[in-house]
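Novice: Take a look at the following structure, please.
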Amino acid sequence: MSEKIIMLHDLRAPALAVPAAPVTPGGVLVDALSRPLHDLRISVTDRCNFRCVYCMPKEVFGKDYPYLPHSDLLSFEEITRVARIFIAHGVEKIRLTGGEPLLRKNLEHLVAMLRTLPTASGRPLDLTLTTNGSLLARKARALKDAGLDRVTVSLDALDDAVFKRMNDVDFAVADVLAGIDAAHAVGLGPVKVNMVVKRGSNDDQIVPMARHFKDSPTILRFIEYMDVGASNGWNMEEVVPSSEVVERIAAELPLVPVAANYTGETAARWRYLDGGGEIGVISSVTGAFCKDCSRMRLSTEGKLYTCLFATRGHDLRALLRAGHDDLAIGGAIAQLWRGRADRYSETRTADTPSLERGARKVEMSYIGG
Ligand code: SF4
């Protein structure tokens, strides 16, 4: 089958506009749906050593895929400057993502730079990272020492054959589990494990995964398979609703619902009746959570996205490299957020009409989940 090349680079991203009047940081920025800007997700690489079928299918992201040249990526200094500007406008949580963020060389140096940033409220910055765990056993200590708070690890099966079916590379589950253990050992907890559930591919792993992580400090979350990007061939039939996930587990391991830890938490929490820990379900398809969505995303090459399912980015790097000062860049970010009205998951249906001609949703591997 010939390789289908989808240009990852978002050529349609207009430069971010600098407002005429400066916007002095201070106070919380709210968008057009009154949602505060609180979280910034930063993608530090567009590369990954896995080819998860729901994110970077091999037939699209093959060996000849034109990944971004290093010169296009934001440097650690640029990322830290952008983070400082966002923090001045109220961001209190930063999640490092990718692709696979641990593939970015010396990532712990960036962690150490971000760790020095005080938040506007004086609360410590919540600095987290999402990884596929492949390099975690090796990197956990250095990340912790650099100041990382927590990690979330993606793991879609316990059975190696099923795991391979989901990530399309020959990587052993045991090595990811070793990474999770290493994260616990150095204090990068509570460690969360995210499992994307795709009917007919790995849904037979739901209960085995629950059994495995029950009575452990790891919090297992089940993510509904989503129509992210334009390359995973999504269809509703392959979605296992979170209600069914809970039903399957509760049939063997009784569960009770518990309240969210904070407003905007994406996972709905369930606790084992016998006190054996908790699980979460993230229901972007059957239980949208857009009403409290407080997340902005920064792509690997410096474009801002106001939604995971956005079709257009906004070029922040152009402002950085054109010499604009922090006040001007902060103003541009504030203007973008104030105009934000995204709520794709609330409007999506099984047959959400195709997007306007030529529009294509940005790839999750480009902006992080
Ligand atoms: S679909 Fe967009 S607006 Fe809704 S929760 Fe996800 S990122 Fe936020």
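The values are calculated or read from the model by the stated rules, or taken from the named source; none is laboratory data. From a predicted model like this one, the values you see are computed outputs, not experimental measurements. When we count neighbours, we look across all protein chains shown, and the Cβ atoms used for this are built from the backbone with ideal geometry, even at glycine. All accessible areas refer to the heavy atoms of the entire protein, side chains included, with ligands and DNA or RNA removed. Shrake-Rupley method; radii C 1.70, N 1.55, O 1.52, S 1.80 Å.
Novice: Could you grab me the full set of residues in the stretch 101-115 that are of a type outside the set (Gly, Ala, Ser) and touching a helix residue (DSSP H, G or I) at 6+ places or on another chain (Cβ under 9 Å)?
Specialist: Pro101, Leu102, Arg104, Asn106, Leu107, Glu108, His109, Leu110, Val111, Met113, Leu114, Arg115, listed by residue number.
Novice: Oh, and also: Only residues that are under 17 Å from Arg138 (Cβ atoms) and among the acidic types (Asp, Glu): list them for the stretch 86-103, please.
Specialist: Passing the criteria: only Glu100.
Novice: Now, a different point. For the stretch 263-292, which positions are out of contact with any Pro (no Cβ under 9 Å at 6 or more places or on another chain), open to solvent by 20 Å² or more (accessible area, probe 1.4 Å), in contact (Cβ under 8 Å) with a residue 60 or more places away in the chain and in a loop (DSSP other than H, G, I, E, B)?
Specialist: Across the stretch 263-292, the qualifying residue is only Ala288.
Novice: Can you confirm whether the stretch 238-261 contains a residue that is within 16 Å of the ligand (Cβ to nearest atom) and either over 22 Å from Lys198 (Cβ atoms) or in contact with a Pro (Cβ under 8 Å, 6 or more places away or on another chain) (or both)? Show your work before the answer.
Specialist: Initially, the stretch 238-261 is screened for residues within 16 Å of the ligand (Cβ to nearest atom), giving 239, 242, 260.
Filter once more, keeping what is either over 22 Å from Lys198 (Cβ atoms) or in contact with a Pro (Cβ under 8 Å, 6 or more places away or on another chain) (or both): 260.
Yes, the conditions are met somewhere in the stretch 238-261.
Novice: What's the number of the condition Gly277 fails, among (1) more than 15 Å from the ligand (Cβ to nearest atom); (2) under 14 Å from Gly369 (Cα atoms)?
Specialist: (2)
To keep it simple, each residue is scored yes or no on (1) open to solvent by 70 Å² or more (accessible area, probe 1.4 Å); (2) at pLDDT below 95; (3) not in a helix (DSSP H, G or I).
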{"position": "Ile329", "(1), (2), (3)": "no, no, no"}
{"position": "Ile333", "(1), (2), (3)": "no, no, no"}
{"position": "Leu336", "(1), (2), (3)": "no, no, no"}
{"position": "Asp342", "(1), (2), (3)": "no, no, yes"}
{"position": "Leu355", "(1), (2), (3)": "no, yes, yes"}
{"position": "Gly358", "(1), (2), (3)": "no, yes, yes"}
{"position": "Gly369", "(1), (2), (3)": "no, yes, yes"}
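Novice: Any idea which of (1) over 23 Å from Glu265 (Cα atoms); (2) out of contact with any helix residue (DSSP H, G or I) (no Cβ under 8 Å at 6 or more places or on another chain); (3) open to solvent by 20 Å² or more (accessible area, probe 1.4 Å) is the one Val207 doesn't satisfy?
Specialist: That leaves (2) as the condition not met.
Novice: Out of the residues in the stretch 231-262 meeting the condition of being polar (S, T, N, Q) and open to solvent by 30 Å² or more (accessible area, probe 1.4 Å), tell me which one is modelled with the lowest pLDDT.
Specialist: If we filter the stretch 231-262 for residues that are polar (S, T, N, Q), which is where we start, we get 231-232, 235, 242-243, 261.
Cutting the leftovers down to open to solvent by 30 Å² or more (accessible area, probe 1.4 Å) gives us 235, 243, 261.
Numbers: Asn235: 93, Ser243: 98, Asn261: 90.
It comes out as Asn261.
Novice: While we're looking at this one, here's another question. Determine the pairs where a residue that is part of a loop (DSSP other than H, G, I, E, B), located within the stretch 307-320, has a partner that is within 8 Å of the ligand (Cβ to nearest atom) with Cβ atoms under 6 Å apart, the partner being 6 or more residues away or on another chain.
Specialist: Between residues of the stretch 307-320 that are part of a loop (DSSP other than H, G, I, E, B) and residues that are within 8 Å of the ligand (Cβ to nearest atom), the close pairs are Cys307/Asp342; Cys307/Tyr344; Phe309/Tyr344.
Novice: Please verify whether the stretch 241-260 includes one or more residues that are within 18 Å of the chain's Cα centre (by Cα) and not in a loop (DSSP other than H, G, I, E, B).
Specialist: no
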